[in-house]
1. Determine the share of the chain's accessible area contributed by carbon and sulfur atoms, expressed in whole percent, with a 1.4 angstrom probe.
2. Given labels modelled 7 Å from the Cα in the Cβ direction, how far is it in nm from Asp228 to Met169?
3. What FRET efficiency comes out for the pair Val159/Asn53, r = Cβ-Cβ distance, R0 = 41 Å, nearest 0.05?
4. To the nearest µm²/s, what D does Stokes-Einstein give for the range 27-161 at 37 °C and 0.692 mPa s, using the Kirkwood radius over alpha carbon pairs as Rh?
5. Using modelled backbone amide H atoms (1.01 Å from N, in-plane), which distant-in-sequence or interchain residues come within less than 5 Å of Ile50's amide H?
6. Which length gain, in nm to one decimal place, applies between Asn65 and Asp235 when the Cα-Cα distance is subtracted from 0.36 nm times their residue separation?
7. Using the Karplus curve 6.51 cos²θ - 1.76 cosθ + 1.60 with θ = phi - 60°, what ³J(HN,Hα) values do you get for each residue of the range 115-120, in whole Hz, with x for Gly and Pro?
8. Could you provide, to the nearest whole Å², the per residue accessible area of the chain with probe 1.4 Å?
Amino acid sequence: MYTKFRNLYNLIRFYLTKTNFIYTIYFNFKYLPYNQAKYFPIIIYPKTRISINNKGKIVLGDVYNKKTSKKLHIGYTDDDFGYGCEKTSVKIIGTLFVKGKLLILPGVKLDIRGILEIGDDVLIAARTRVSAYNKIEIGDGSRIAHESQIFDSNFHYIVDVNNREYKPMSKPIHIGCYCWIGNRCTVNSGSYLPDYTIVASNSLVNKDFHNISKYTLLGGTPCKVIKDGIIRVFDPFLEMEYKKREFDWYNA
């Protein structure tokens, strides 16, 4: 009995001290159906601004129709790279579709005019920019490192001066499951990354890599294949074991 009360106390303390508690309640019941809102699946943290116009909407997957630990955290602050960040900003004119747990860290800017579809257990790290004019898909388990940008639009049209034909400004982006986009990368319109792709820091992804194998490291500006047959470690227990082997300070 004591343990249950202690857990309840810790939960209440967390919501009151770490989150924007009043705005979280308001937002869930304003923008979600009651059978989802009553479980408070969207947690909003301080220094977060969200705007949704009359055509914009948030659609949550079936996992949110029942009590679950999977939440959509917007402006989540437990991150070294998020220290001193500007406000987290989410602007929704189109549709944000989230299938499971999602962590959006401080300083992230989401501009959703088309469709942004995000799978389960995804992290978008601090100061990342995502602009969806057309459609952007991010698969389950993927990680977008800090200060990256994912733009499915060039934001401006280009016209052929001879025949006045213009090129489309936007093309969809697909990022597969368990991908790792390194810090300060740019992913441009028309890009396709298969499952388990790693993109090295400071790289530019600007084409369809549909035909590469799924355990591939890309890097460069623009990206090219650097190495295949490698995978990021996502298992926290395995990662802990590797750290113990490598670092003396980790065992202290």
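1. Details: 7690 of 14460 Å².
Here it works out to 53 percent.
2. 3.8
3. On the way: r = 30 Å, r/R0 = 0.72.
Result of the calculation: an efficiency of 0.85.
4. Details: Rh = 15.2 Å.
For these conditions, the coefficient is 216 µm²/s.
5. Close amide H contacts, sequence-distant or interchain: Val90.
6. Extra length from Asn65 to Asp235 when fully extended: 58.5 nm.
7. Residue by residue, the range 115-120 yields 10, 10, 10, 10, x, 8 Hz.
8. Details: 14460 Å² over 252 residues.
Roughly 57 Å² per residue, with all protein chains present.
The values are calculated or read from the model by the stated rules, or taken from the named source; none is laboratory data. Here the structure is a predicted model, which means the values were calculated and not measured. In this analysis, Cβ positions are derived from the backbone assuming ideal geometry, glycine residues included, and neighbour counts consider all displayed protein chains. To get the accessible areas, we keep the full protein, side chains included, count just its heavy atoms, and leave off ligands, DNA and RNA. Shrake-Rupley method; radii C 1.70, N 1.55, O 1.52, S 1.80 Å.
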